[in-house]
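Written below as structure tokens is the structure these notes are about.
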């Protein structure tokens, strides 16, 4: 086997190990299967391609901003549940579920 090819394979493995740190084992295996046909031209090029695939498939790992929930209104209902202010379509869904919740749909 060509020594350059062996070095490139080891470099690819190191890059994958670096990029997949913090991922679950199943996610690592999925990413490996997604990148197995990527051409290797240079370490930097390969790493950027792997990172693009990782970020597009698993997200970039960024969390929602910490202040993102400060504009949510919370309402305490009479049955003890806490409900956040929601869209009109979600309100219709929850109203329908509330109406059906107390019914005996199995006629027991």
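No lab work stands behind these numbers, since they all come straight from the coordinates. What you see is a predicted model, and the numbers here were worked out from it, not measured in a lab.
Would you kindly state how much longer the chain becomes between residue 33 and residue 97 on full extension, computed as 0.36 nm times their sequence separation minus their alpha carbon distance, in nm to one decimal?
Here the answer is 18.8 nm.
Using 0.36 nm per residue of separation minus the Cα-Cα distance, give me the extension gain between residue 14 and residue 53 in nm, one decimal. Before the final figure, lay out each step's value.
Details: separation 39, 0.36 × 39 = 14.04 nm, distance 1.65 nm.
Stretched out fully, the residue 14 to residue 53 stretch lengthens by 12.4 nm.
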